[in-house]
Amino acid sequence: MASSFSQLKNNRSFDNLNAQLQKLGGNEQKSFGDDRLWKPDVDKAGNGYAVLRFLPAPEGEDMPFVRIWDHGFQGPGGWYIENSRTTLGDADPVSEYNSQLWNSGIESNKDIVRKQKRRLSFYSNIYVVNDPAHPENEGKVFLYKYGKKIFEKLEDLMNPQFPDDAAVNPFDFWEGFV
């Protein structure tokens, strides 16, 4: 047993361990982006251009989009970034706490609620028809995350305001709206 302790003491170099870590990419810059998501390139004014086609619901799904509520705010213990349980139709502790704060009648509590309120996002499958900033994306299918304003435009196409406007299914690949 004494010789094994001697060997351990003599072989304390961690050069081999560092070499193995290098092979694993321990010093690589990590990307937390999602390669499945398409995002437009925008200029300093926030304007971008691309031609997309929204795709129909995948086989086995009822809807061509997913609606997700989430929270993202900095609190006393650090950042809280999570999907809201209301996305699943369940009670959400943050939403319940926000209701209590809002109903307290204290204006400073309402400011807290404004900072930690739910945000709404939608996800759809899209086909990229034309992407001048990234032509390598053309002809490919991606997920597209968008907000309430774009969803309202899609709803307006499906349910036109005026009776003489034809309803359009923007999620129809062949006759949808580009």
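The table that follows gives values for the structure above.
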| item | result |
| --- | --- |
| Residues located in segment 25-40, provided they are surrounded by fewer than 10 Cβ atoms within 10 Å (Cβ to Cβ) and at pLDDT 75 or above | Gly33, Asp35 |
| Residue within segment 72-84 that is of a type in the set (Val, Ile, Thr) and modelled with pLDDT of 90 or more present | yes |
| Selection status of Asn125, touching a residue at least 40 places away in the same chain (Cβ under 8 Å) and touching an Asp or Glu at 6+ places or on another chain (Cβ under 6 Å) | no |
| Looking only at segment 66-108, and only at residues there that are assigned to a strand (DSSP E or B) and β-branched (Val, Ile, Thr), the one that is surrounded by the fewest Cβ atoms within 10 Å (Cβ to Cβ) | Ile81 |
| Given (1) surrounded by 13 or more Cβ atoms within 10 Å (Cβ to Cβ); (2) more than 20 Å from Asp35 (Cβ to Cβ), index of the condition Asn125 fails | (2) |
| Some residue of segment 103-121 being in contact with a Ser or Thr (Cβ under 8 Å, 6 or more places away or on another chain), in contact (Cβ under 8 Å) with a residue 24 or more places away in the chain and more than 21 Å from Leu55 (Cβ to Cβ) | yes |
| Residue count, segment 109-118 (criterion: in contact with a Phe, Trp or Tyr (Cβ under 6 Å, 6 or more places away or on another chain) and in a loop (DSSP other than H, G, I, E, B)) | 2 |
| Some residue of segment 41-49 being at pLDDT below 95 and not in a loop (DSSP other than H, G, I, E, B) | no |
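Yes/no matrix, rows are residues, columns are (1) surrounded by 12 or more Cβ atoms within 10 Å (Cβ to Cβ); (2) among the hydrophobic types (A, V, I, L, M, F, W, C); (3) touching a strand residue (DSSP E or B) at 6+ places or on another chain (Cβ under 7 Å); (4) assigned to a loop (DSSP other than H, G, I, E, B):
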residue: Ser121; (1), (2), (3), (4): yes, no, yes, no
residue: Leu143; (1), (2), (3), (4): yes, yes, yes, no
residue: Lys149; (1), (2), (3), (4): no, no, no, no
residue: Ala166; (1), (2), (3), (4): no, yes, no, yes
residue: Asn169; (1), (2), (3), (4): yes, no, no, yes
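The values are calculated or read from the model by the stated rules, or taken from the named source; none is laboratory data. Here the structure is a predicted model, which is why all the values come from computation and not from measurement. Here Cβ is always computed from backbone atoms with ideal geometry, including for glycine, and neighbour counts include all displayed protein chains.
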